Amino acid sequence: MVHSPMLVTAIALGIHAQLVAPLPRIPLPRPAPGAPTVAINDNRTPAGTRTGNVLTLSLDIVETAWKPEGEVDPEVPAYAFAESGKTPQIPGPLVRVPDGTEVRLILRSRVSRSLVVWGLRPGSGTPTDTVQLGVGATRELRYRLRIPGTYLYWAAFAGSTSMEDRLWLDSQLNGAIVVDPAAGSPPDRILLVSEWFLPYDSIPNKPFEDVLTINGKAWPHTERLTLQQGDSTRFRVINAMPAHHPIHLHGFYYRVSARGSWNKDGPIARPMQPVVNTDVMAPGGTLTLRFLPTTPGNWLFHCHFSFHMDETVTLSGSPRDSGTAPTSDRAHAGTNREHQMRGLVVGLTVIPAPSYNAYSATEPRELRLLVQKKPNALAGGTAAYGFVLQDGDKVPARDSVALPGPVLELQRGQPVRINVVNNLAEPTGIHWHGLEIESFPDGVPNWSGMRDRIFPPIAPNDSFTAAFTPPRSGTFPYHSHLNERHQISSGMYGAIIVSDKPRDLTHDHLIVAGGGGPEVFAKIESPFALVNGRVSPSPLRLTAGEKHRLRIVSIHPDWRITFTLRNDATIARWRAVAKDGATLPPVQATMRVAQLDMGPGETADFEFTPLRPGEWVMEVRSSDSGWYIPLPIIVERPPSRRSR
Ligand SMILES: [Cu+2]
């Protein structure tokens, strides 16, 4: 298939259009007449028949009709795997066996295109281990699954060389493979991420239709998971897409016990396991994690790229074929639906334990945080949306906006009540990302909270008070959790620093990289990004021979960002001390090269001791698009020597 260079770039970057005008929608292909309807696979029931250590499995590839969203949303054609004689499934049938099982597989094509199948025999690490499947062909395979882990088998049109070649018809040929250790695995859930992508070169600004799903459904139609407060929960996440995903869990940290790829996996030794609330999955990657849902209520597990969880990735509203005008529920549904979450979001409801007591606190500290708008403040003349803290009775100017938002300096263990006043002309909701607090103040409109007490969007001219007690010292972002691609891009982000004692600002520095205006599809070379609120940020001043803490917050909604601390000659070395606000255990707090790649929502703290005076720079660079913002770092002599 041939795409325009811009589209190829867009696919490669995983960046999609920022739409200003109403969406031009694309006529969708229709499923073939009589195509079987797909069954959604929750990945709980292993396929095939296992006798002793032999699994017998027969898989067909068929053309199907699939509803990745709701009942009134479009139905699209997609090839899918089916166990012979059973309903085709998206994702494909789950292959789950104990280590050492022999697989006797019959693979049959019932479609009109030749295919190539990858990953049936994972663990070898050999991506060239493929099966060619001609039109109507049958192949019989025997092999042993030997290395415990989480994997993906997948297929594509013959001639494809990677997952990137898949667009829509072959995009759902994905299935999970789990090889359990002989002793078995604790209970878990498998979440497989896939994309159905229809490019369409003749409509500028919206040259595609796209839907992203988890186990075959997109939010708000993804399976809602019910967990018990205090019950250890395990997920195996499989990314069947050629794009990264910063995977964020609200309310809790998770422990990563394995990071793999579709054909290779292996455990991380327990002392080295990252404990994080956001982790970037690689294209084709897998992530095995567990967490303890210690606080009841509604929580989210989602991709933190705004364009993987918003209207960019829904088919709702697309005409179903070229002869039909848009008849979607969205076309009839008021403006409220325009900004709801879509795509890669899973809702978790944690049922309270009998011992649960609702949060209460005495003598909270009161903060008043205004959400405001300043016209013409950003690239391209767009308005900045952002925050400003009110100091006492002095009301800030209605158009005052701090970029990034003011640092919320909180004290560990001290109750706080943040009164968020919405001075925008649109609703919002503010999320205190990474803080282990109650669900209700967590800030996801129409979701956070419990039972009949659910957080509503903060309406224009209304306010909301988030009451919580930060339990842990560290660096966290706060940001809008409504219409994120617009509101976060426009400046609705900042840092929360929770401390045990007042910070020494001469040795404790904050670097916040975030949006600098909503991106315009045709201008993706432009930064649309800010570091500490500026395109040319003010230098940080450090003292030679002394230890400094650098707190890095990556909160651009659209981009992964690479941070590199260097001078003309060399990249610096620094000591990692915290990730996502959690202090690293000593074995992980190692000296390392001062360069890292961070997705939206991640924070990382480092200790840096520059040995002598000089000029350094923190290079802040989009990992994908190449925009670059240098943050100068000036290392001065210690005062004693300076005064000589
Ligand atoms: Cu994503």
Point to revise | Inter-residue pairs, beta-carbon under 7 Å, first on the phi > 0 side of the Ramachandran plot and in region 476-488, second open to solvent by 10 Å² or more (accessible area, probe 1.4 Å), 6+ apart | key: 483/339
Practice item. Go through the residues of region 553-566 one by one and say whether even a single one is within 21 Å of residue 256 (Cα to Cα), within 24 Å of the chain's Cα centre (by Cα) and among the aromatic types (Phe, Trp, Tyr). Key: no
**Study point:** Whichever residue in region 226-256 is buried (at least 18 other Cβ atoms within 10 Å of the Cβ) and of a type in the set (Gly, Ala, Ser) and, among such residues, is farthest from the ligand (Cβ to nearest atom)
**Key:** 251
Revision key, fill the gap. If we ask which residues in region 545-562 are open to solvent by 10 Å² or more (accessible area, probe 1.4 Å) and in contact with a Phe, Trp or Tyr (Cβ under 6 Å, 6 or more places away or on another chain), their number turns out to be 0
Check your understanding: List the pairs whose first member sits in region 282-303 and is within 20 Å of residue 222 (Cβ to Cβ), whose second member is among the small types (Gly, Ala, Ser) and within 13 Å of the ligand (Cβ to nearest atom), and whose Cβ atoms are under 9 Å apart, counting only residues at least 6 apart or on separate chains?
Key -> 302/343; 303/343
Check your understanding: Of these, 462, 391, which one is at pLDDT below 95, more than 23 Å from the chain's Cα centre (by Cα) and open to solvent by 50 Å² or more (accessible area, probe 1.4 Å)?
Key -> 391
Review point. Quick check: is even one residue across region 585-606 surrounded by fewer than 19 Cβ atoms within 10 Å (Cβ to Cβ), part of a strand (DSSP E or B), over 19 Å from the mean Cα position of the chain (by Cα) and touching a residue at least 40 places away in the same chain (Cβ under 8 Å)?
Key: no
Study note, to complete from the structure: From the option list 633, 552, single residue qualifying as farther than 25 Å from residue 305 by Cα, part of a strand (DSSP E or B) and either out of contact with any Lys or Arg (no Cβ under 8 Å at 6 or more places or on another chain) or not small (Gly, Ala, Ser) (or both) is 633
Check your understanding: What residue, of 41, 53, is of a type in the set (S, T, N, Q) and buried (at least 17 other Cβ atoms within 10 Å of the Cβ)?
Key -> 41
Review point. Residues 396, 364, 352, 406: which one is over 28 Å from residue 473 (Cβ atoms), open to solvent by 10 Å² or more (accessible area, probe 1.4 Å) and not acidic (Asp, Glu)?
Key: 396
Check your understanding: Got a number for residues in region 417-476 being in contact with a helix residue (DSSP H, G or I) (Cβ under 9 Å, 6 or more places away or on another chain), farther than 19 Å from residue 555 by Cβ and not in a loop (DSSP other than H, G, I, E, B)?
Key -> 8
**Study point:** In region 114-170, the residues that are at positive phi and open to solvent by 50 Å² or more (accessible area, probe 1.4 Å)
**Key:** 136, 159
Point to revise | Among the candidates 533, 626, residue that is among the small types (Gly, Ala, Ser) and either surrounded by 14 or more Cβ atoms within 10 Å (Cβ to Cβ) or in contact with a His (Cβ under 9 Å, 6 or more places away or on another chain) (or both) | key: 533
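The values are calculated or read from the model by the stated rules, or taken from the named source; none is laboratory data. Remember, it's a predicted structure, so these values are computed and weren't measured experimentally. Note that each Cβ is placed from the backbone with ideal geometry, even for glycine, and that neighbours are counted across all protein chains shown. These area figures cover heavy atoms from the full protein model, side chains too; ligands, DNA and RNA do not enter into them. Shrake-Rupley method; radii C 1.70, N 1.55, O 1.52, S 1.80 Å.
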